[in-house]
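Input: a single structure, listed below in structure tokens.
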Amino acid sequence: MTEYERSGHQLDHAAQVWKRDMAQVERWHRPKVSWPLPAVVDSDRTWPHRILSMASGTSTARLSRIESRERNSKWPNVPMYIDMSQCINCDACLRACPPNFGAIFNHGIDVVILPELCSGCDKCLEPCPVDCIYPLLAGEWQPAPDDWWEEPLSANDPYV
Ligand code: SF4
Ligand code: SF4
């Protein structure tokens, strides 16, 4: 093999390694879409729309909740909250939250769950390495503070 051919092979190999690494990075950053569908779904949507909207935080139902700042009254489960005294800011919960709910955000140094957007589907519980996500008692959750609402649909919204 000539020096020229050897250089070509080395370049091909480097390109393949680069492509593989880029694919890995792309997989890491791809939002997780939970499957099967969560037990709690947007009850105001029909099945085909539910499936299509799973991959997007811009579903009509989520946009409507963000605009009205109201929780879907048909959701049977209570919303979750994060005990920040235990949280290690790993973002595993944020990645596990289905985009059509899209309820968990980095807010300053905190990780917060907007109860109005949280269906209580439980998808965030298992990935949390320190078990610091808890259900709020029925009827006891408080509306999210105004400054938390700066996150949905902002550049910091991981679900859009
Ligand atoms: S329970 Fe967790 S995963 Fe489900 S909507 Fe609420 S914050 Fe998101
Ligand atoms: S998974 Fe748990 S520890 Fe990690 S950011 Fe979410 S609440 Fe915090």
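The values are calculated or read from the model by the stated rules, or taken from the named source; none is laboratory data. No experiment lies behind these values; they were computed from the predicted model shown. Quick reminder, even Gly has a Cβ in these numbers, built from the backbone with ideal geometry, and neighbours come from all protein chains shown.
Exactly one condition in (1) in contact with a Cys (Cβ under 8 Å, 6 or more places away or on another chain); (2) modelled with pLDDT under 80; (3) closer than 15 Å to Asp157 by Cβ; (4) not small (Gly, Ala, Ser) is false for His29; which is it?
Of the numbered conditions (1) in contact with a Cys (Cβ under 8 Å, 6 or more places away or on another chain); (2) modelled with pLDDT under 80; (3) closer than 15 Å to Asp157 by Cβ; (4) not small (Gly, Ala, Ser), the odd one out for His29 is (1).
Looking at (1) more than 13 Å from ligand 2 (Cβ to nearest atom); (2) without any contact (Cβ under 8 Å) to a residue 60 or more places away in the chain, find the lone condition where Cys121 falls short.
Of the numbered conditions (1) more than 13 Å from ligand 2 (Cβ to nearest atom); (2) without any contact (Cβ under 8 Å) to a residue 60 or more places away in the chain, the odd one out for Cys121 is (2).
Restricting to the range 114-142, name every residue that is in contact with a Lys or Arg (Cβ under 7 Å, 6 or more places away or on another chain) and farther than 18 Å from Ser59 by Cα.
none
Can you name every residue in the range 76-92 that is touching a Pro at 6+ places or on another chain (Cβ under 6 Å) and under 16 Å from Tyr159 (Cα atoms)?
Hit for the range 76-92 is Ala92, nothing else.
Search the range 74-86 for residues that are closer than 11 Å to Ile133 by Cβ and pair each with any residue that is buried (at least 17 other Cβ atoms within 10 Å of the Cβ) and modelled with pLDDT under 95 when their beta-carbon atoms are under 6 Å apart and the residues are at least 6 apart or on different chains.
That search, which allows pairs on different chains as well, returns Pro79/Trp141.
Would you confirm whether or not the range 68-77 contains a residue that is within 18 Å of Gly139 (Cα to Cα) and near ligand 1 (Cβ under 10 Å from one of its atoms)?
yes
Answer yes or no as to whether Val111 is within 22 Å of Ser59 (Cα to Cα), surrounded by 12 or more Cβ atoms within 10 Å (Cβ to Cβ), within 14 Å of the chain's Cα centre (by Cα) and among the β-branched types (Val, Ile, Thr).
So Val111 does not fit the description; no.
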